[in-house]
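The values are calculated or read from the model by the stated rules, or taken from the named source; none is laboratory data. Keep in mind the model is a prediction, meaning the values are calculated, not measured. So basically every Cβ, Gly included, is an ideal-geometry build from the backbone, and we count neighbours across all protein chains shown. Keep in mind that these areas ignore ligands, DNA and RNA; they rest on the heavy atoms of the full protein, side chains included. Shrake-Rupley method; radii C 1.70, N 1.55, O 1.52, S 1.80 Å.
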Amino acid sequence: MIVTIDGPAGAGKSTIAKLLAEKIGFLYVDTGAMYRALTLKIIRYGIAFSDTQAIVSLAKKTVIQLQKNDGTQQTKVMLDGNDVSEDIRHPEITNAVFNIAGMPEIRRIMVQWQRGYGKAGNIVMEGRDIGTVVFPHAEKKFYLDATPPVRAQRRFRELEEKGVGIGLDEVVRQIKDRDYKDMTRTCGPLKKADDAVYIDSTRRQISEVVDTLLTYLDNEKVI
Ligand code: DC
């Protein structure tokens, strides 16, 4: 069974998808981490984001693996065999991913990789185009949303905890910019699949949202 969760940055997708996967014993797949890992490699190799050909050829020689860290809810992100879980969360990467997320050739490669996980069995996969492009026939689809100010506030707190000095206004600006880029790209834009359940997490605790998702799955064959 495949469960998809799409939605904008800061809607709580990762936390919620991770907890849900844990509860129902499914594999959790964070597709944003895959885009981030490739972006990190491009930067490390000093390749210009305008050089699509070099980027595509680099992607074809890249191995990205998402490994479950036993005993924790964390997933290790391995880039060509090296753990890059921390490095891919750096603001430099967050701000650069859009460069490759808009490349149809790269999205095709990512979609192939992501479909590979579907063959492994039961998964919860989160991203932007999972219910629309990667698994249009998934058994259960969710679209998780929250208002931009609340998403910015959550992101601001995360950055503060990491000691990144940035003002709330700037985070609001970045969130709006990411929404615009995610929703307007021609290939694989962020949008709710017609058959996805829309969930607004604005005024709800994480545990409440997970419980809501579970009630939708409850009627199915999961539990
Ligand atoms: O979910 P995230 O913030 O870690 O995603 C990082 C970037 O990757 C984000 O800018 C959008 C892009 N992305 C995408 O285009 N398609 C996906 N399925 C997942 C992420």
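General remarks:
- Size of the chain from its Cα atoms: along the principal axes, largest to smallest, the extents are 49, 41, 37 Å.
- Using bins of 5 Å that start at zero, the share of Cα-Cα pairs per bin across the range 6-76 amounts to 3, 14, 22, 18, 14, 14, 10, 4, 1, in whole %.
- The value of relative contact order for the range 145-223, using C-alpha pairs under 8 Å at least six residues apart, is 30 percent.
- Pairs beyond 29 Å (Cα-Cα), from Lys18/Lys191; Lys41/Lys181; Lys41/Lys162; Lys76/Lys162: none
- Based on Cα contacts under 8 Å between residues 6+ apart, the range 85-182 shows a relative contact order of 22 percent.
- When Rg and the Kirkwood radius Rh are both evaluated on Cα atoms of the range 24-142, their ratio Rg/Rh stands at 0.95.
- Per the Kirkwood formula applied to alpha carbons, the range 26-65 shows a radius of gyration over Rh ratio, Rg over Rh, of 1.04.
- Net charge dipole, the chain: roughly 380 debye, given to the nearest 20, about the Cα centre with Cβ charges of +1 for Lys and Arg and -1 for Asp and Glu.
- P(r) of the range 108-223 over all Cα-Cα pairs, binned every 5 Å from zero, in whole percent: 2, 10, 16, 18, 19, 16, 13, 5, 1, 0
- Taking all protein chains into account, the per residue accessible area for the chain stands at 50 Å² (1.4 Å probe).
- Per-pair calculated FRET efficiency, R0 = 22 Å: His137 and Glu22 via Cβ, rounded to 0.05: 0.35
- Mean-position separation - Cα centroids, the range 81-155 and the range 1-48, in angstrom: 5
- Temperature 25 °C, viscosity 0.890 mPa s: under these conditions the Stokes-Einstein estimate for the range 69-119, based on its Kirkwood radius over C-alpha pairs, is 189 µm² per second.
- Tyr28 long-range amide H proximity, modeled H, under 5 Å: Val124
- Mean ellipticity per residue at 222 nm, deg cm²/dmol - from DSSP H runs of n ≥ 4 across the chain, formula -39500 (n - 2.57): -14500 deg cm²/dmol
- Additional length obtainable on full extension of the chain from Thr147 to Lys76, 0.36 nm per residue less Cα span: 22.6 nm
- With the biggest extent put first, the Cα atoms of the range 85-159 measure 36, 26, 22 Å across the principal axes.
- Residue among Trp113, Ile175, Gly25 farthest towards the positive dipole end of the chain, charges placed on Cβ: Trp113
- The longest part of the chain holding none of the exposed loop trypsin sites (Lys or Arg not before Pro), meaning those outside H, G, I, E and B in DSSP with at most 13 other Cβ atoms within 10 Å, is 62-161.
- For the range 1-97, applying the loop criterion from DSSP together with a ceiling of 14 other beta carbons within 10 Å to the GluC sites (Glu not before Pro) yields Glu86.
- Considering only the chain, percent of DSSP beta bridges that pair antiparallel, nearest 5: 30
- Pairs exceeding a 25 Å alpha-carbon distance, out of Lys13/Lys140; Lys68/Lys119; Lys60/Lys192: Lys60/Lys192.
- Between Thr202 and Lys61, the simple label model (points 7 Å from Cα in the Cβ direction) yields a spacing of 4.9 nm.
- Whole-percent carbon and sulfur share, accessible surface of the range 1-51, 1.4 Å: 51
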